[in-house]
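Here the structure comes first, spelled out in structure tokens, and everything after it is commentary.
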Amino acid sequence: MSAIIALIAQALHIALMLAAAPLLIGLIRRVKSRLLGRTGPSPLQPYRDLQRLLRKQPVLAGNASWLFAAAPAVSFAATLCAAALVPSFALGMTTAPLSDLIVIAGLLTLSRVVLALAGMDIGTAFGGIGASREMTFAVFAEPALLLVIFTLALLAGSTNLDAIATLLREGSLGLRVSLGLSMVAVVTIAIAENGRIPVDNPATHLELTMVHEAMVLEYSARHLALIEYGVALRLLLWLTLIGTVFVPFGMGDAAGFPPLWITGALAWAAKVGVLAVGLAVFESSIAKMRVFRVPEFLGIALLLGLLAVIFLFVSQGFA
Amino acid sequence: MNTAPGVWLSGLAAVAALLPVLGLVAAAGRVRSAYWGMLLLCGLGVVLCAGFLIGDSAAASLSVPIGLPGAGILLALDGLSAFFLLLLMLIGTAAATTALDDDGGYAATSPLLPVFVAAMATTLLAADGFSLVLGFETMSLASFGLVLTNHREPPVRAAALLYLGMAAIGGACLIPAMALLVHAGPAGVDLGFAAIRGHAPHGWRAIVILALVLVGAGSKAGLAPLHVWLPPAHAAAPSHVSALMSGAMTKVALYVIIRLLFDLCGTGQPVWWGVPLMVLGAVGAVLGALRANIESDIKAVLACSTVENVGLIAAGIGLALAARAADLPALAALAMGAALLHAMAHGLFKALLFLGAGAALHGAGTRAMDRLGGLIQRMPVTTGCMLVGAACLAALPPTSGFAGEWSLFQAMIAGPRLGGVVLQMLICVVALLMALAAALAAAAAVRLIGVAFLGRPRTPRAAAAHEVGYAAQLAMLGLALLSLLAGLFPGVVLSAAAAALRQTVGLTMGDRASLLHISPQTSTTGYSAPAIAILLGLAIAGVAWVVRRRAVAGHRRGPAWDCGFGAPPAWLPFGDPITQYGGGSFGQPLRRALGVVILGATERVDMPEPGQTRAARLVVRSKDPATALLFQPVIRWRGALSAQADRLQFLTIQRTLSLIFAVLVLFLIVIVLVEQL
């Protein structure tokens, strides 16, 4: 019985993530518009954009291979798998034993690598420039992410996200310097991984400053819809991840009383909403940096991650 | 199964003995027969190793009355050697299959190829110091000959010479290490491993052995800073030889490290023994992975990635060594299991990638990344196999590369249990470097596939590429299938390594590794590759279904959008291929961000003056720090020393005579002094 309820929670979770992802993008755009003194489009605009894209017929470049046509679906599926593994409103869902942080990072890498390969497939300069930069940023983001995972695993004794969140929700670990440092590191990594300002500008129209947009420049119609949806889902995934690990309060139990899920869902919406507004404010108050400054930006995350681990070793005498 | 443990060993010894005969057959001109024979023998070897491992048979030994007078050769088969032999025989089968496809270009390698495999098998089967060294050095010499296949090209000769020099250094360290290990009892010197195990070294002798093994076997494995021979040699050798060298030979060297440090040096060594392996491994991993983003030859890229993966495996071995010494068998088993899993995974996918690079060389006529491109259109099977290999290389779930690196990271994350703040911080930094290497490898994989196999053809030759023959395709498909299976069922690979783990660290992964699941702890959480694969498959199917139902079907073809650039001129039917990203441009951000510091990369733009019509040139240079910091100083010292020694040749007759007299007197004094002691 509890297994069935856990499965229901899992299905609800996936449905919620899929449903909320475009709204998140719409919300951020709306807040940014307001901060810039514009009214901005409705938060529901991303849904309409997706529908519009689905109504069109894609145009493929003459030399596009099967890889180019298959990449958006694979990339989106990998992001969806990763999103399924990051609990939003309830812990202990069906996929809880699988929700290893390194696996989640691996699935996100899979999603990125597939798109980068597709960017190289047509053989245009912009696709190459985007793929090259996307992979370069990941080179600096992933070690920092591993350090954060290292810290969390030392505290919780496991790299399993569900186990970590369960432990942190109990609050028995208390406030820790390492957790704070890790949180700043994760936020920095999330900004880079999602291609937000100051690393990349998702709204840019100048090709030379594009990273992710340049990589997917050749895509249209349903392919582009999948890619944009995947980008939205990835952002929601990261915000959910930050909320689940560092603010795990209010989350329900998949095996527990289903009505408690509603409070969990509300808490999740509040967490993601606050983070989204924070992201919008941060993006409005900062300029995009040069591509070659990004390694320095991510170097901060790396250093904070390293400091977090060292603090843990020194303070705890961990053995 | 357990009734006849000697059967497997006898069979494998027969395989190792018959392979050199095939070398003679090939030398007599029967090249195809030799390759068929090698294919059958290696296939038989796979069956024998698998039989031994599945039956979990007891270790067996065999004495062969050839070799040293009075001693003979002692062979033994246990879990550790069977695990590595299985990998060797799998790659040997694939290499022989590939060679069947083309006896024109590959014919020159035919006499030495079976000997090379036989030498590696001998090293793995050896149960005494003599046969180990014999196998190891024969392996070096045979592979030297194989590297020299295309000896008319000067870079090949230079690469082979560098390789021979490094092999000589390796031999000069491995033989003394063996000599220090053997115990001279009252009954004379016993070279057998059983006798060595009875008298494990300690004190300074053990430390010297550690250093000698790290240099001797480490140089062959491609452990930093002795990895400099690897990229040129692997690029110079024919591709099926590179597959064997990269997939199997580096693993044989790692086997020698494990055999000597874990088995023969006994369990009484201190914790810090693992540190050099961890540090050198992590540093080598980053160096190799970074260079893989800069090299412009596809086989050199793969060779640099071999340096990276050997580094990762060595770090795992080092952690296992430290954990065993600290009496943490569960951690030691995790680290060693991870190292063995990644060794198997890397052996398979790197052999696959080298065979694929050979196919590209065969089909498009070049190894230079910037002369390839668009092979996915003309070589679909090769590109498909390369994609599988590159996914493993980039450690994408659910491939075998991910399973290996996931377990290695789990071991590192559990590493701080060793205690001691300094060691803990060291492990943390090692894990950081390993993550950096893994991310760099992903970038290198995208660069390799994206530049060489995707995009538009950069040369007419690449545009007219043709698929390789069926045998070569079969070899690649087989390795790709094995890689996928190893990725989906890493627990099976770990249970094949169970006997090796029991033997080296005294504990297996136990219920932490099952068919569906591997776990760092004895709990339900962990990595389940089949589950992730099913999840991924369901997601892809679901997405495809929804898109099919909701979106407009079909597609149109048109010119590439490329931000509105015009259609290419008629004299460049594929567009100007130079306008796409190449190997140099793809690696440029990393070259600037990391290469300047680590590799001393420099860029110089040679811009023509206004009015001149010549083209601008970009000159990029980078140098491996091992060359700059270790080899060049050594070469300078050697030059200075020989210049000094040269002066002795031009002395006057009186001075020469007095020098000889002085040396004689000195010699006598030393003898007297030694006798006084």
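The values are calculated or read from the model by the stated rules, or taken from the named source; none is laboratory data. Please read these numbers as outputs of a predicted model, since none were measured by experiment. Please note: Cβ atoms are built from the backbone with ideal geometry, for glycine as well, and neighbour counts cover all protein chains shown.
General observations
- Restricting attention to segment B:450-473, the residues that are of a type in the set (Gly, Ala, Ser) and either out of contact with any Pro (no Cβ under 9 Å at 6 or more places or on another chain) or free of Cβ contacts under 8 Å to residues at least 40 places away in the same chain (or both) add up to 5.
- Here residue B:444 fits the description: among the hydrophobic types (A, V, I, L, M, F, W, C) and either surrounded by 24 or more Cβ atoms within 10 Å (Cβ to Cβ) or within 25 Å of residue B:312 (Cα to Cα) (or both).
- Within segment A:288-310, residues that are charged (D, E, K, R) have Cβ atoms under 9 Å from residues that are surrounded by 23 or more Cβ atoms within 10 Å (Cβ to Cβ) and not in a helix (DSSP H, G or I) in these pairs: A:288/A:199; A:288/A:200, counting only partners at least 6 apart in sequence or on another chain.
- Segment B:455-464 - residue that is within 14 Å of chain A (Cβ to nearest Cβ) and assigned to a loop (DSSP other than H, G, I, E, B) and, of those, nearest to residue B:321 (Cα to Cα): B:455
- Residue check, residue A:257 assigned to a loop (DSSP other than H, G, I, E, B), more than 12 Å from the chain's Cα centre (by Cα), closer than 27 Å to residue A:150 by Cβ and more than 13 Å from chain B (Cβ to nearest Cβ): no
- In the set (1) more than 8 Å from chain B (Cβ to nearest Cβ); (2) under 30 Å from residue A:309 (Cα atoms); (3) under 19 Å from the mean Cα position of the chain (by Cα); (4) in contact (Cβ under 8 Å) with a residue 60 or more places away in the chain, residue A:75 fails one condition alone, (2).
- Any hit, segment B:105-123, residues being β-branched (Val, Ile, Thr), at pLDDT 90 or above and touching a strand residue (DSSP E or B) at 6+ places or on another chain (Cβ under 9 Å): yes
- At least 2 residues being closer than 30 Å to residue B:203 by Cα is the threshold, and among the helices (runs of 4 or more DSSP H) wholly inside segment B:220-307 those reaching it are B:250-258, B:274-292.
- Condition met for residue B:33 (in a helix (DSSP H, G or I), out of contact with any His (no Cβ under 6 Å at 6 or more places or on another chain) and surrounded by fewer than 15 Cβ atoms within 10 Å (Cβ to Cβ)): yes
- Here the condition is being in a helix (DSSP H, G or I), facing chain B (nearest Cβ under 10 Å) and within 13 Å of residue A:241 (Cβ to Cβ); of A:154, A:168, A:145, it holds for A:145 alone.
- For segment A:118-127, the set of residues classified as facing chain B (nearest Cβ under 7 Å), of a type in the set (A, V, I, L, M) and buried (at least 24 other Cβ atoms within 10 Å of the Cβ) consists of A:120, A:122, listed by residue number.
- The condition (being touching a residue at least 24 places away in the same chain (Cβ under 8 Å) and buried (at least 20 other Cβ atoms within 10 Å of the Cβ)) is satisfied by just one residue among B:539, B:499: B:499.
- Counting residues in segment A:52-66 that are free of Cβ contacts under 8 Å to residues at least 12 places away in the same chain, more than 9 Å from every other protein chain (Cβ to nearest Cβ) and surrounded by fewer than 24 Cβ atoms within 10 Å (Cβ to Cβ) gives one or more.
- The set of residues in segment A:195-229 that are assigned to a loop (DSSP other than H, G, I, E, B) and aromatic (Phe, Trp, Tyr) contains only A:219.
- Residue check for residue A:199: surrounded by 23 or more Cβ atoms within 10 Å (Cβ to Cβ) and more than 21 Å from residue A:314 (Cα to Cα): yes
- Of the residues making up segment B:374-409, those that are within 7 Å of another protein chain (Cβ to nearest Cβ), assigned to a helix (DSSP H, G or I) and over 20 Å from the mean Cα position of the chain (by Cα) are B:376, B:377.
- Test: residue in segment B:421-428 that is part of a loop (DSSP other than H, G, I, E, B) and modelled with pLDDT under 90: no
- Checked against (1) under 25 Å from residue B:520 (Cα atoms); (2) within 12 Å of another protein chain (Cβ to nearest Cβ), residue A:130 passes all but condition (1).
- Single unsatisfied condition, residue B:603 versus (1) assigned to a helix (DSSP H, G or I); (2) surrounded by 13 or more Cβ atoms within 10 Å (Cβ to Cβ): (1)
- Taking first residues from segment A:1-24 that are on the phi > 0 side of the Ramachandran plot and partners that are basic (Lys, Arg), no Cβ contact under 6 Å between residues at least 6 apart in sequence or on separate chains turns up.
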